[in-house]
Amino acid sequence: MPMNGICQWVLIDCEHGAIADTEMRLSVSAIASAGSSPIVRIPSSEPWMMKRALDAGAHGIMVPMCETKEQAQAIVSGCKYPSSGTRGAGAMFAHSAFNQSPREYLTTANENIVVIVQIESRTAIENVQEIAGVEGVDMLFVGPNDLASSMGYVAFEHGRISEVQEAIGRVLRAARRWVQGFDFVNCGADIVALQAWMGREMGWLRGLVEESV
């Protein structure tokens, strides 16, 4: 949902999160009805996983560990209806997430659905120009933790490792050759938000207890 030129999105993480098929479908509907774009990260690049998420009404698919041009082409094919791809035309609910009729959805889905591939390995960095050039790939999403790991570093230290940051710069240049700046930014996560909120509340309660002693 655009907001001052910004599109709000929520990622349903089926790769790392404990989210089964039913929960994914319910989450897609809830997010879309609230006016944000549901993006589903599937566990792998299996075409049936793309189909399940898209048939649920996902506005976009995020696929982890894309390392070659050929993998990127296969991902695009799995997300597109013929003649651009191989997705089956059996989506019974997806049109609702786009506020469209079934016919409108079938005829516009190839243009409306966002295809995101994750660049998160040394091999992917080496092939990033070719991956970025694949028609139908809309976005390159950097996975900095896995990227750092694949380069031989501790995952969560990527922000302090110049080689990893230089690799991320290569992804940025491949995706946006004419101006620097990322377009798709993750600003937080549910578990992080809950921990932060609970930490503040518990700190407040501890303070009250200490004052009363």
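The values are calculated or read from the model by the stated rules, or taken from the named source; none is laboratory data. Quantities reported herein were computed from a predicted structural model and do not represent experimental measurements. All Cβ positions, even for glycine, are placed from backbone atoms using ideal geometry, and neighbour counts span all protein chains on display. We work out accessible area using only protein heavy atoms, side chains counted, and drop any ligands, DNA or RNA first. Shrake-Rupley method; radii C 1.70, N 1.55, O 1.52, S 1.80 Å.
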Within region 180-190, identify whether any single residue is within 21 Å of residue 64 (Cβ to Cβ), open to solvent by less than 90 Å² (accessible area, probe 1.4 Å) and either touching a helix residue (DSSP H, G or I) at 6+ places or on another chain (Cβ under 7 Å) or at pLDDT 85 or above (or both), and answer yes or no. no
Determine whether region 6-23 contains at least one residue that is assigned to a loop (DSSP other than H, G, I, E, B) and of a type in the set (Ser, Thr, Tyr). no
Residues being open to solvent by 70 Å² or more (accessible area, probe 1.4 Å), over 20 Å from the mean Cα position of the chain (by Cα) and closer than 22 Å to residue 32 by Cβ: count how many of those fall in region 80-118. 10
Top-ranked residue in region 119-133 [being assigned to a helix (DSSP H, G or I) and more than 16 Å from residue 153 (Cα to Cα); ranked as most open to solvent (accessible area, probe 1.4 Å)]: 126
Considering only region 149-158, state which residues are touching a residue at least 12 places away in the same chain (Cβ under 8 Å) and either closer than 18 Å to residue 63 by Cα or open to solvent by 60 Å² or more (accessible area, probe 1.4 Å) (or both). 150
Before we move on, is residue 52 of a type outside the set (S, T, N, Q) and either free of Cβ contacts under 8 Å to residues at least 24 places away in the same chain or more than 24 Å from residue 127 (Cα to Cα) (or both)? yes
Which one of the conditions (1) open to solvent by 80 Å² or more (accessible area, probe 1.4 Å); (2) closer than 18 Å to residue 12 by Cβ; (3) of a type in the set (S, T, N, Q) does residue 45 fail to meet, given that it meets all the rest? (1)
Selection from region 48-79 of residues that are part of a loop (DSSP other than H, G, I, E, B) and open to solvent by 20 Å² or more (accessible area, probe 1.4 Å): 59, 65, 67, 68
